[in-house]
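The values are calculated or read from the model by the stated rules, or taken from the named source; none is laboratory data. What you are looking at is a predicted structure, and each value in this text was computed from that prediction instead of being measured. Quick reminder, even Gly has a Cβ in these numbers, built from the backbone with ideal geometry, and neighbours come from all protein chains shown.
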Amino acid sequence: MAYSIEKTSSNGYRCGCCTSSASDDLIWVDTLEQALEHLPKSFPAESEYGGEIEVEIIDGSTGTVVASSVVD
């Protein structure tokens, strides 16, 4: 079974319409353990240009989100 890791970034603006998804650059791994290694426990502070705000691990066979991490 394969898992994809989708990362969502903000461009620094605070409105919801200004976030961008890095779904074009999906990372695929073979096992859930490998996927969980990409799941951050904390995110670095955003710079004036934004930064990563969410990471989701998605089951490749069902499309179900099995784990996620979101900026507080």
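Data for the structure
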item: Pairs with Cβ under 8 Å, 6+ apart, first in region 18-46 and under 15 Å from Glu6 (Cβ atoms), second modelled with pLDDT of 70 or more and in a helix (DSSP H, G or I); result: Val29/Ala35
item: Considering residues of region 1-30 that are surrounded by 12 or more Cβ atoms within 10 Å (Cβ to Cβ), more than 12 Å from the chain's Cα centre (by Cα) and in a loop (DSSP other than H, G, I, E, B) only, the residue modelled with the lowest pLDDT; result: Gly12
item: Filtered residues of region 37-72 (kept if modelled with pLDDT of 90 or more, surrounded by 15 or more Cβ atoms within 10 Å (Cβ to Cβ) and not acidic (Asp, Glu)); result: Ile57, Ile58, Gly60, Ala67
